[in-house]
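Everything on this sheet refers to the single structure shown next.
Every read-out reported here was derived from the displayed coordinates using simple, explicitly stated rules and does not represent laboratory data. This one's a predicted model, so the numbers in the text were calculated from it and none came from an experiment. Cβ coordinates were reconstructed from backbone atoms using ideal geometry, including for glycine residues, and neighbour counts include every protein chain displayed.
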Amino acid sequence: MAVSLSINGDAYTYHGDPLTPLVDVLRNEALLTGTKAVCGEGFCGACMVHLDGKPTVSCLCPVGLVAGLNVTTIESIAAGDVLNPIQQALEDLDAVQCGMCFPGIVMTLTAFLDQNPNADRAALKAALSGNICRCTGYERIIDAALVAMMNTERPE
Ligand code: FES
Ligand code: FES
């Protein structure tokens, strides 16, 4: 069966079982390996992508359910060589350790800060409740999100 969708703005057609998890299509078929498959059960957040702008765990999402939607992955979050504000702040604050969780964290925070540009520390912690990081203790990630908010120009 063919499933047509858009990935990072490009038309894409998957030929295969529509029950295949989206993360497997992204990684194994579209060769976009920035999205990580860690738990495969929906609780770690490493496989987070945006579906029409909404953060969604791609390991629990059959590809057949995203027909006609636009999937955004970590590969398109930067503007060419220019990191997005969250990526830049994470790098500047040296927040990344093993890095396995970070594609998902960037996808979560990018969508969250778009909707909540004045979020406080508590709100950021809550926003990250679906993203497990075993390495960092989160505090520097939240510091980076606050820096990213300060560095993001918003329309008046
Ligand atoms: S791999 Fe999808 S939530 Fe963990
Ligand atoms: S940096 Fe290793 S899991 Fe988050």
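Looking at region 81-153, the GluC sites (Glu not before Pro) that sit in a DSSP loop and have at most 13 other Cβ atoms within 10 Å of their own Cβ are E153.
Under the criterion of Cα pairs below 8 Å and six or more residues apart, the relative contact order for region 49-154 equals 31 percent. Using a ≥ b ≥ c from the Cα gyration tensor of region 66-151 (square roots of the eigenvalues), is it rounded, prolate or oblate, where a/c under 1.5 gives rounded and otherwise the larger of a/b and b/c decides, a/b for prolate? Here region 66-151 falls in the rounded category. In the calculated pair-distance distribution of the chain, the portion above 23 angstrom amounts to 35 percent of the Cα-Cα pairs.
Can you work out D for region 1-63 in µm² s⁻¹ from Stokes-Einstein, where Rh is the Kirkwood radius over C-alpha pairs, the temperature is 4 °C and the viscosity is 1.567 mPa s? Estimated via Stokes-Einstein, D reaches 111 µm²/s. Taken about its Cα centre, the chain carries a charge dipole of about 380 debye when Lys and Arg each add +1 at the Cβ and Asp and Glu each add -1 at the Cβ. Taking only the C-alpha atoms of region 102-156, Rg followed by Dmax gives 10.9, 38 Å. Give the calculated FRET efficiency between L83 and D17 to the nearest 0.05, with a Förster radius of 30 Å applied to their Cβ-Cβ distance. For R0 = 30 Å, the calculated efficiency reads 0.25. Highest mobility in the GNM of the chain, judged by mean-square fluctuation with C-alpha springs under 10 Å and restricted to A123, A111, A79, is found for A79. Top mean-square fluctuation among P55, P21, P117, Gaussian network model of the chain, C-alpha springs under 10 Å? Ranking P55, P21, P117 by mean-square fluctuation puts P117 first.
Among V96, V49, V82, the residue with the largest mean-square fluctuation in a Gaussian network model of the chain, with springs joining Cα atoms closer than 10 Å, is V82.
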